[in-house]
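Below: the structure, in structure tokens.
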Amino acid sequence: MVEIRDIELRSYSTAAQGSLVFNRIWQLRLADGSPITREIGEAYFVVLDEGRAKLKLSLGNGLTWDDASKSILIQITNEQVRFIRDDTTMEYAFYIVPPAPAGEIIPIREGAVNALRVA
């Protein structure tokens, strides 16, 4: 079972496009609560609005994996959340894919996104 946790994303109309609006480190665990011990091949953080991807981050593109602490750094800039036009609710999913040949998708965390437009 995947961990369910809601998050908040804000888009600031007056802030610089490169400003960080979401800067979090998540300590990762599998659905049963055990730490991730396998190597991470790929990782993705996706924000969806009615099933359509509005934002997709990957390793090297907004996501940084720390193998020593088994944590992921998620960094989202104001420019990346320009799709937030009004206050609304969306969904997100974070999942990993181990290196081939065991390339199964492993969902880690998902939930609602409280998307807010700040004037």
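Which number in (1) among the acidic types (Asp, Glu); (2) out of contact with any Lys or Arg (no Cβ under 9 Å at 6 or more places or on another chain); (3) part of a strand (DSSP E or B) marks the one condition that Glu110 misses?
Answer for Glu110: the failing condition is (2).
Which residue out of Val81, Val46 is open to solvent by less than 20 Å² (accessible area, probe 1.4 Å) and more than 18 Å from Arg5 (Cα to Cα)?
Val81
Look at segment 4-17 and say how many of its residues are under 17 Å from Ile84 (Cβ atoms) and in a strand (DSSP E or B).
Initially, segment 4-17 is screened for residues under 17 Å from Ile84 (Cβ atoms), giving 6-17.
Those still in the list that are in a strand (DSSP E or B) too: 7-12.
Residues meeting the conditions: 6.
Got a number for residues in segment 1-12 being surrounded by 10 or more Cβ atoms within 10 Å (Cβ to Cβ) and either of a type outside the set (A, V, I, L, M) or over 16 Å from the mean Cα position of the chain (by Cα) (or both)? Reasoning before the result, please.
Keep residues of segment 1-12 that are surrounded by 10 or more Cβ atoms within 10 Å (Cβ to Cβ), which gives 2-3, 5-12.
This time we only want the ones that are either of a type outside the set (A, V, I, L, M) or over 16 Å from the mean Cα position of the chain (by Cα) (or both), so: 3, 5-6, 8, 10-12.
Qualifying residue count for the region: 7.
Can you find a residue that is open to solvent by less than 20 Å² (accessible area, probe 1.4 Å) and either assigned to a loop (DSSP other than H, G, I, E, B) or at pLDDT below 95 (or both) anywhere in segment 66-76?
First pass over segment 66-76, keeping only residues open to solvent by less than 20 Å² (accessible area, probe 1.4 Å): 71-72, 74, 76.
Next cut, either assigned to a loop (DSSP other than H, G, I, E, B) or at pLDDT below 95 (or both) only: 71-72.
Yes.
What pairs come out if I take residues in segment 37-61 that are free of Cβ contacts under 8 Å to residues at least 40 places away in the same chain and farther than 16 Å from Ser71 by Cβ and pair them with residues that are of a type in the set (D, E, K, R) and open to solvent by 50 Å² or more (accessible area, probe 1.4 Å) whose C-beta lies under 7 Å away, six or more apart or interchain?
Once the first residue is free of Cβ contacts under 8 Å to residues at least 40 places away in the same chain and farther than 16 Å from Ser71 by Cβ and sits in segment 37-61, its partners that are of a type in the set (D, E, K, R) and open to solvent by 50 Å² or more (accessible area, probe 1.4 Å) give Ser58/Glu42.
So, in segment 18-34, exactly how many residues are more than 28 Å from Arg117 (Cα to Cα), open to solvent by less than 100 Å² (accessible area, probe 1.4 Å) and in a strand (DSSP E or B)?
Of the residues in that region, 0 qualify.
Take the residues of segment 49-65 that are surrounded by fewer than 16 Cβ atoms within 10 Å (Cβ to Cβ) and among the charged types (D, E, K, R): which is nearest to Thr88 (Cα to Cα)?
Looking at the filtered set, the residue picked out is Glu50.
The values are calculated or read from the model by the stated rules, or taken from the named source; none is laboratory data. In this text, all values refer to a predicted model and were calculated from it rather than measured experimentally. Note: ideal-geometry Cβ built from the backbone for every residue, glycine included; neighbour counts use all protein chains shown. Just so you know, the surface numbers come from the protein's heavy atoms only, side chains and all, with ligands and any DNA or RNA stripped out. Shrake-Rupley method; radii C 1.70, N 1.55, O 1.52, S 1.80 Å.
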